[in-house]
1. Evaluate E = 1/(1 + (r/R0)^6) for K298 and K220, where r is the Cβ-Cβ distance and R0 equals 56 Å; express this FRET efficiency to the nearest 0.05.
2. For D144, D73, D348, give me the order by solvent-accessible area with a 1.4 Å probe, most accessible first, ignoring ligands, DNA and RNA.
3. Answer rounded, prolate or oblate for the stretch 97-246, using the Cα gyration tensor with square roots of eigenvalues a ≥ b ≥ c: rounded when a/c is under 1.5, else prolate when a/b is larger than b/c, else oblate.
4. In deg cm²/dmol, rounded to 500, what helix-only [θ] at 222 nm does the chain give when every DSSP H run of at least 4 residues adds -39500 (n - 2.57) and the total is split over its residues?
5. How high is the relative contact order of the chain, in percent, counting Cα pairs under 8 Å that sit 6 or more residues apart?
6. What FRET efficiency would be calculated for the residue pair T205, D267, taking the C-beta separation as r and a Förster radius of 45 Å, to the nearest 0.05?
7. Report, in whole Å, the centroid distance computed from the Cα atoms of the stretch 222-282 and the stretch 108-183.
8. Taking a label point 7 Å from the Cα of V46 along the Cα→Cβ vector, which residues of the stretch 87-126 have an amide N closer than 15 Å to it?
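The values are calculated or read from the model by the stated rules, or taken from the named source; none is laboratory data. All values reported here derive from a predicted model rather than from experimental measurement. Here the Cβ positions follow ideal geometry from the backbone for every residue, glycine too, while neighbour counts run over all protein chains shown. All accessible areas refer to the heavy atoms of the entire protein, side chains included, with ligands and DNA or RNA removed. Shrake-Rupley method; radii C 1.70, N 1.55, O 1.52, S 1.80 Å.
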Amino acid sequence: MVNFDTDNKLQKEGRFLRMRKALTAVTLMGLVAAFAVPAHATEVNVGGQIKTTITTDNQTDYNHSVEVKVQLDAKVNDNISAHVRFLADDDQMNFTIDEGYFQVNNLFNTPNLLAKVGYQDIVFGDSKIMDSTLDAVIAGYNTDYGLALAGTAEARGSAQTWGVGAFEGNLKALGVDGAYEVVDLYQDASDINLAYAKVTPAVATDFGKVGFRAEGAYLKTKGADNNGKFYGVGASLDAGMFGAKIGYDVYKDGFVTNYVIGTGFSDYDYAEVLDYDNGNFVNPKILTVEGSVKPMDKVTLSAAYVNFDGDNTGTYSSAHEVDLKAKYQYDKNLCIQAGLYLPSEKLDYQGELKLTLKF
């Protein structure tokens, strides 16, 4: 998903891809131009987030970390805007540019045509297919059925360029709540071609909103044996005070090795401690069951069970984890979270306390 800043309700917070040195120069010039407009012509909003995390486990007493994000959003005029996000999360709290791009609406005086240029977050497949910040030039076209995307992107410091095509739409034309996503990714250097599709219909019932998920991907890379497949199904229930989710995802024929590990994109976090990349599991099958309850206003309690099964060539052939969480939403800005995680491997337990302030 590319987070185009439009009134289209299909656009939610998401992430996308990076490009190369020439694009970096274009991005910086665009940002300078955007912020250099006289103050009376530019509307600038400043916001951010401070997140403090304290963890402990059976091997470490305490680990304390702080992450600070500051972002600036500038509206140059009705059609041009710019966004810069700064991040400090190292020991010295040095700020780096975590995201920086500009967006042009009504491109070439075409009302539904947009372009987003720069260092930007990109997400596909709920982070299972792609989740990274890349240099990218992305064009989008709004239709009554969704948003069509096309562009090119590249990881910073890399010579591997990605071609991207996608369509993100809703199911309202069929009289059903929900959304769908179709993605095609191509990388020239490794000859990676990935096709992905997902549909998430939802229906309202007397006992709550019931959602369904079906998704799949096919990977083709160099060599006859370097292919891979992924598919997943799931269901959810939102009954207000109660919620439940169940999901089953299968990675086959080297999908994790050839794509998740091979591209270096962040893997999807099924559990808080155990993960499925870095050779921990080969061709994993992952079952997730989660339940939640809201015993009082602003408080949510949840419990999740995640089971990993892989073949015998990985670090583990089978493992599981139980995650217990509590969340207190003090107000729209301040959130306090606590968790106790019980994995069957790596650690006996891990405890976590997280405080997040948005401003």
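1. The pair K298/K220 has a calculated efficiency of 0.70.
2. Output order, biggest surface exposure first: D144, D348, D73.
3. Numbers: a/c = 2.04, a/b = 1.34, b/c = 1.53.
In terms of gyration-tensor shape, oblate.
4. Numbers: 1 runs with 15 residues, N = 359.
It lands at -1500 deg cm²/dmol.
5. Values: 966 pairs, mean separation 44.0, N = 359.
Relative contact order comes out at 12 percent.
6. Efficiency computed from Cβ-Cβ geometry: 0.85.
7. 21 Å
8. Taking a point 7 Å out along Cα→Cβ of V46, the residues of the stretch 87-126 whose backbone N falls under 15 Å are 87.
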